[in-house]
Amino acid sequence: MDFKVVVVSQEEYDQWIEGMKNTSPEYTAESTSAQEGQELFQNSCINCHAIDASANNPIVGPNLADFGDRTKVAAIKNYSKEAIVDWIMDPASIKPGNGMLGAPYLQDNSIQEEDAEKIADFLMELKATDEPVESVKKFRENEAENN
């Protein structure tokens, strides 16, 4: 698996830590689409993923508390709404054998692309800070230029 490490200043790290302390499962999405995505997430995805940094043990999948701050989707694709939707709709095409393959919505084909777009809108709002730290912004810009 390809992970990227972004070195940040102590100030940026402290900013991120403080933001993570403020993540909450009670988060209320801002846009209408993200609110609908949050409802879809709460009815399905929450069974495997936490959205609260204080949740120590998500049931199966990674904690998504700061998903909106990430630079990659599934540690492979550049971060974008399209990449998130692709991952939700067909994770096997991106990373064969991954843990998402057992998700109930994939077993019964119950998710539509419109639903995946709403979930993506919700996930993109989950951030530890209002703006990504400067180092992460620069990293994203560099990744976009080189791909």
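A short reminder: the numbers here are calculations on the coordinates, not readings from a lab. What you see is a predicted model; the values in this text were computed from it and never measured. Here the Cβ positions follow ideal geometry from the backbone for every residue, glycine too, while neighbour counts run over all protein chains shown.
Some notes on this structure:
- Note on the range 37-85: Rg/Rh from Cα positions, Kirkwood definition for Rh, rounded to two decimals, is 0.97.
- The range 30-145 - percent relative contact order, Cα under 8 Å, separation 6 or more: 37 percent
- Equivalent-ellipsoid semi-axes of the range 68-147, from the Cα gyration tensor, Å, largest first: 25, 15, 10
- Evaluating 6.51 cos²θ - 1.76 cosθ + 1.60 at θ = phi - 60° for every residue in the range 33-47, the Karplus couplings come out as 4, 5, 5, 5, x, 4, 5, 4, 4, 5, 8, 9, 5, 4, 5 Hz, glycine and proline recorded as x.
- Estimated D of the range 1-120 in µm² per second, where Rh is the Kirkwood radius over Cα pairs and Stokes-Einstein applies at 37 °C, 0.692 mPa s: 213 µm²/s
- Highest-first arrangement of 103-109, 14-20, 47-53, where packing means the average Cβ count within 10 Å: 47-53, 14-20, 103-109
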